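These notes are about the structure you will find just below.
No lab work stands behind these numbers, since they all come straight from the coordinates. In this text the structure is predicted, and so the values were computed from the model without any measurement. Virtual Cβ from ideal backbone geometry, glycine too; neighbours counted across all protein chains shown.
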2 protein chains.
Amino acid sequence: MTPLPPSEPSILLETTAALEAQKIRFEINRIKLPIGLEKKFGVIHHPGASLAVPITNDGLIVLLRQYRYAIERRILEFPAGTLEKDEEPIESMKRELGEEAGYKANKWDLLGQMSPCPGYSDEIIHMFLARDLIELIEKPTGDDDEDIEVLHLTKNELDKYISSGDELLDGKSLTAWYRACQFLKL
Amino acid sequence: MTPLPPSEPSILLETTAALEAQKIRFEINRIKLPIGLEKKFGVIHHPGASLAVPITNDGLIVLLRQYRYAIERRILEFPAGTLEKDEEPIESMKRELGEEAGYKANKWDLLGQMSPCPGYSDEIIHMFLARDLIELIEKPTGDDDEDIEVLHLTKNELDKYISSGDELLDGKSLTAWYRACQFLKL
């Protein structure tokens, strides 16, 4: 697996407040930065996530149009999910690909890691390419709050969605798509 | 300006807890989703941000290697900044391009909008292409906590950084770079 660039920790002086919701925890921390400055920052602690760019044997890209409460809109995203405790990214992704998109993949490649929100979240997303797809006869049950439509797009259709502004762009999905295009030399 | 896809609000039933840090506010909200389900979600309220892909007249791409406390690493990012109260995205970006990268741009194009973290943040980032760059003789003072190195890369160098995994990928920067490549037909 591609390693992350080296870590350069700040010094945590004090956590002045914290709140937890589902799998994320928001903290206000007084820290000392490597440049020596002491400052308070708000930060989300997140268990990490994985994402897959699924491509069918016909070359169609599998995307989800998903309702997102935070932005109060439906947006195009690749199947992805937050890691459960002690769960390996690839195992999590295999589960999510079934639950969200209704597929099993027999060929997996790693596309690296990305940070969706380095300004205020420690979340790291592990990106995979999922090929040799088999559609599941019965889609396993996912989270009860998911509101998802599965789309199958050609590369041209996806690129048109991205360039037109008709669909809101999601950072993790575009990053993974860029990496998939590099990997597949598209 | 490219419009966002239509909004589809959830019903806010109750905010059970909230914390503020600098420009962001974390809330735990009990809401009713469009599918009818009631659930508690943690969400970051963010004033929005802007980002620029600056390209010199020699075709070099201007990037920052910036220390990020949340992920305790230096990562490659395009110049970007959080909007001040009532600030227009383009005006914010002109200021940040000077403070972070030391440039003024005479040619601006809009590359659309993106969501860095639709699962738990309402942040929307306005993306611009900044060309016809003039290097400022004196770099204006930015935020006191910034720890930034300015890089000038060719497209090949940037693509190698992205594919190698030697630098951590940042969602907003890769999304903007994808859009810039589309816009410039690179």
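Tabulated results
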item	result
Calculated label separations, B:G142, copies of the chain, 7 Å along the beta-carbon direction, nm	3.7
Computed [θ] at 222 nm, helices only, for the protein assembly as shown once each DSSP H run of length n ≥ 4 contributes -39500 (n - 2.57)	-5000 deg cm²/dmol
Chain A, closest residue to the rotation axis toward B, by beta-carbon, whole angstrom	A:G171, 1
Most mobile listed residue (B:A21, B:A130, B:A49) in chain B, GNM with C-alpha springs under 10 Å	B:A21
Relative contact order (%) - criterion: Cα under 8 Å, at least six apart; region: segment B:1-109	17
Which listed pairs, of A:K39/B:K104; B:K104/B:K139; A:K155/B:K107, have C-alpha distances above 20 Å, in listed order	A:K39/B:K104; A:K155/B:K107
Shape of segment A:49-184, Cα gyration tensor, a/c cut at 1.5	rounded
Kirkwood-based Rg to Rh ratio, the protein assembly as shown, C-alpha trace	0.94
Test item: Cα-centred dipole of chain A, Lys/Arg +1 and Asp/Glu -1 on Cβ, debye	680
Furthest towards positive pole of dipole, A:L76, A:P89, B:F26, structure part the protein assembly as shown, Cβ charges	A:L76
Cross-link reach list, aspartates and glutamates versus B:K32, counting only Cα pairs under 20 Å and skipping chain neighbours closer than eight places	A:E20, A:E72, A:D143, A:D144, A:D145, A:E146, A:D147, A:E149, B:E8, B:E14, B:D122
Cα point-scatterer Debye curve for segment A:119-186, base-10 log of I(q)/I(0) at q = 0.21 Å⁻¹	-1.29
Aspartates and glutamates whose Cα lies under 13 Å from that of B:K185, excluding same-chain neighbours fewer than 8 positions away	A:D159
C-alpha center-to-center spacing [segment B:4-38, segment A:1-55] in angstrom	22
Averaged over A:38-46, number of beta-carbon atoms from partner chains that fall within 10 Å	5
DSSP-loop GluC sites (Glu not before Pro) across segment B:78-145, with at most 16 other Cβ within 10 angstrom	B:E84, B:E87, B:E138
Label spacing, shortest first and in nm, from A:N106 to its equivalents in the remaining copies (7 angstrom along Cα→Cβ)	6.0
Across the identical copies, how the B:I11 labels are spaced - nm, sorted shortest first, 7 Å along Cα→Cβ	5.2
Relative contact order %, chain B, counting alpha carbon pairs below 8 Å whose residues are six or more apart	22
Cut-off of 10 Å, at most 13 other beta carbons, DSSP loop: longest stretch of chain B lacking such trypsin sites (Lys or Arg not before Pro)	B:86-184
Antiparallel content of DSSP bridges confined to the protein assembly as shown, in %, to 5	80
Euclidean distance between Cα centres, segment A:64-115 to segment B:125-168, Å	30
Average beta carbon contacts from partner chains per residue of A:14-20, 10 Å cutoff	3
